[in-house]
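A quick write-up on the structure given underneath.
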Amino acid sequence: MMENKTVIELIWEIIKTQMGFLHFHYWEGLPIPLEPIMWVIALFFIYLAVAKEYEPLLLLPIGFGIFIVNFPLTPLMGFDPDGKRQLFNIFYHYGVEWEVIPCVIFLGLGAMTDFGPLIANPKTLIVGAGAQLGVFITFLGVLACNYIGIHFSYKDAASVGIIGGADGPTTIYLTAKLAPHLLGANALAAYSYMAMVPLIQPPIMRMLTTPEERRIRMRQLRPVSQREKILFPLIAAGLIALLVPAVTPLMGMFMLGNFMRESGVVKRLSDTAQHALMNIVTIFLGISVGATMQATTFLTPKPLLIFTLGLFDFFVCTAGGILTVKVMNLFLREKMNPLIGSAGVSAVPMAARVSHLIGRQEDPDNWLLMHAMGPNLAGVIGTASAAGMFIAMFTS
Amino acid sequence: MDPQNWRPDWVFAITTLLIRFFGIFIVLAILQICMQISGYIFSRLTPKEGPSLEGPPPSGGSVEDREEEQEIAAAIGVALSLYRAEMDQPLKLPTVSPSEWAISGRVAQLQSRLQRNWR
């Protein structure tokens, strides 16, 4: 009898201490387990990635990361009893906290990017600056949340504001630097809204432009020589390093990737940066970001506010780009189509495609895609500059 | 200070944001100016593509040669066009039934040529 009791106790002890289902966290004062709520959130993002193909390369590993870390007692994001980091914690610590992955992703993005449309029409750089309007307005909006009892510091506000730039690696880089506790929500908001650019932008584009403006045809871009393309990353990297040194890790890697591509002498390196390396770091980035979203830290009012403010941020950034083009048109002899302004948010190349499609709805023979690629690429530089401004603000 | 009671300094926030927002314009405007200057220099340095209309004909080719080349190019173009667009269709040439006026005109023309040749 005694032995039986001991065995039962032993089994119970095993169930109690080594199995997960008795270790759920509960909502304060309510019998609602938190982790299953996170499973639902995870499955929603997995659904978006798999069924709707919204940014699947990132939403799939992020969704799976959220799903798997929200099982109790999983040795993934914590520390072993002997103080060693667990698997996802290693990815997160060395990849994201050490700011390695966003910079490596920028290397790959640079190697994938053809700056030809931007070099052919450098005016569009200004559109990329105007489209950062939402970043700064959202910063103020986030600070205003302190009056409704939800605390956001200046650093938190900066990291939430950058979501509107629609640049995932920059958002992650800045958030990891300034407000790592918001990383999961910020990254998820940025990538989700980037995937939803075709739904978010068109109503604003139609609201802020007249049919005549949408029909404006732009002159064909001049051909850009290979020499110019080779020189561009050197000029851009040098200037940005001089003017906004805080963002040199990101922009330096971006321009290095582009220089490798355009120089044409290191095809193997360029190819690796574009494909193999990019794919590897994307896996680690997705898992790391998803793994930060544990129920106890994520299920608070803050992520909900971040998602709301992130959407507002996207609206204002889109409007900022369009209005910048309209203001520029007051001074330009050859008018620009204001639809390309919305591509100033840097969701490359989705935002440029949206500009092109909305333009063609008005005039089927109006080909805006290459014109919109200019502000689109300028948006990447603009968002990185905004991030650099914020980093400088808090580190100087 | 208790985070719940913390309030932002709005003057600092708005001022610094305005400065930084215009800072982005300045950074990108400087980059734009540099790109325009380099674009101007490169467009001056790079020779114009395509033969000049007013310049001399390409070396090693007389006017007749160029006309012949153009005819060959036109023939290839027509052949490709026919091959692509009407590959399955039988070639349809326009069939015109000449009127009596046209026939009498042709006869008169042929007779005059015949008389000229006989002389």
Practice prompt. Return, for the Cα atoms of region A:342-396, the radius of gyration and Dmax in Å, separated by a comma.
Written response: 14.6, 51
Fill in: Cα-based equivalent ellipsoid, region A:1-73: semi-axes from gyration tensor eigenvalues, Å
37, 15, 8
Item to complete: Determine the distance separating the Cα centre of region A:352-396 from the Cα centre of region A:161-190; give it in Å without decimals.
Response: 18
Discussion item. So for region A:158-261, considering every pair of alpha-carbon atoms, how many percent are separated by more than 18 Å?
Written reply: 67
Practice prompt. Kindly provide the GluC sites (Glu not before Pro) of region A:1-78 that DSSP labels as loop, not H, G, I, E or B, and whose Cβ sees at most 13 other Cβ atoms within 10 Å.
Written response: A:E28, A:E53
Worksheet entry | Centre separation in Å (Cα based) which lies between region A:197-258 and region A:266-285 | 22
Worksheet entry | 5 angstrom amide H check on A:R85, placed H, neighbours 5+ away | A:D80
Worksheet item: Which trypsin sites (Lys or Arg not before Pro) does region A:48-124 hold that lie in a coil by DSSP with at most 14 other beta carbons within 10 Å?
Response: A:K52, A:K84
Item to complete: Please give the helix A:133-144 orientation as an angle from the longest Cα principal axis of chain A, in degrees from 0 to 90, rounded to the nearest 10.
Response: 40
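At most 12 other Cβ atoms within 10 Å and a DSSP loop assignment: could you name the chymotrypsin sites (Phe, Trp or Tyr not before Pro) in region A:1-42 that fit?
On the way: sites: A:W12, A:F21, A:F24, A:Y26, A:W27, A:W39; in loops: A:F24, A:W27.
Answer in residue order: A:W27.
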Worksheet item: Given labels modelled 7 Å from the Cα in the Cβ direction, how far is it in nm from A:I280 to A:I8?
Response: 5.5
Practice prompt. Jot down the radius of gyration and Dmax of region A:241-333, Cα atoms only, both in angstrom.
Written response: 19.9, 57
Response to the item:
Along principal axes, largest first, the alpha-carbon spread of region A:251-396 in whole Å comes out as 53, 49, 38
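Taking Rh as the Kirkwood radius, which is the inverse of the mean 1/r over Cα pairs, what is the Rg/Rh value for chain A?
1.05
Coordinate-derived values only; no laboratory data. All values reported here derive from a predicted model rather than from experimental measurement. Because the Cβ atoms are built from the backbone with ideal geometry, glycine has one as well, and the counts that use them run over all protein chains shown.
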